[in-house]
């Protein structure tokens, strides 16, 4: 109970995942790329990226795309919309410009995120609540 080890989260293991597909640092790709397994991007990708497994964007990775994956670890730069089923992690060298939709978002100190990420346990819940109004006329 109190002495039990904390379970390792999916994101913590994403960066250690062995990818089946690797876009090397000297490679540029434009278009739609889909993978049923895990993928690592160390080069440049523009377009759409769909990964059924884990996606790792290495420190030299530059992605301008719409991304969909199970889990994602960003150490490079991403510009675009990101949809992650489980967890998205932005490392200290990672930079994301765009909107994120995920169940869990972890930004390490030094990581950059510019965009919106609506977090809701229930899709029917309003994402933005109004602040109560002061009707007494106080300023």
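Laboratory data are not the source of any read-out in this text; all were calculated from the coordinates shown. Bear in mind that the values here come from a model prediction, so they are computed numbers and not experimental data. Please note: Cβ atoms are built from the backbone with ideal geometry, for glycine as well, and neighbour counts cover all protein chains shown.
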Margin query: Once each part is reduced to its C-alpha centroid, what is the distance from segment 15-53 to segment 79-118 in angstrom?
Written below: 17
Item checked: Protection proxy ranking, peptides 74-84, 16-26, average beta carbon neighbours within 10 Å, highest first -> 74-84, 16-26
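With contacts defined as alpha carbon pairs under 8 Å and 6 or more residues apart, what's the relative contact order of segment 29-109 in percent? Show your work: numbers first, answer last.
On the way: 241 pairs, mean separation 16.8, N = 81.
RCO, segment 29-109: 21 percent.
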Next item on the list: Compute the Rg/Rh shape ratio of segment 29-109: radius of gyration over Kirkwood radius, all on alpha-carbon atoms.
Entry: 0.91
